[in-house]
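Take a look at the structure set out below.
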Amino acid sequence: MDVLSKIDSHFKNQTELGLAVGVSQSVVSEWLTGKAKIPPLRAKKIAELTGIPREEILPKVFG
């Protein structure tokens, strides 16, 4: 399972993920489809919420 699928599986839907990290559902959709990169501050929050290491979410930034 890739990291985006792992992130997605921790939430009921994209809206719930967006609310949890302070962005809209459309921004989450762009992340999950690869149209946009997850910003480092959001990656940190996602890591806190899911337990997925931020190094796995953004390896070029945190790796």
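The values are calculated or read from the model by the stated rules, or taken from the named source; none is laboratory data. Quick caveat: nothing in here was measured; it's all calculated off a predicted structure. Virtual Cβ from ideal backbone geometry, glycine too; neighbours counted across all protein chains shown.
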> Taking the range 23-33 as the search range and keeping residues that are within 11 Å of the chain's Cα centre (by Cα) and surrounded by fewer than 18 Cβ atoms within 10 Å (Cβ to Cβ), which one is modelled with the lowest pLDDT?
Replying inline: 32
> Restricting the search to the range 1-46, which residues are in a loop (DSSP other than H, G, I, E, B), without any contact (Cβ under 8 Å) to a residue 24 or more places away in the chain, of a type outside the set (A, V, I, L, M, F, W, C) and touching a Ser or Thr at 6+ places or on another chain (Cβ under 9 Å)?
Replying inline: 24, 35
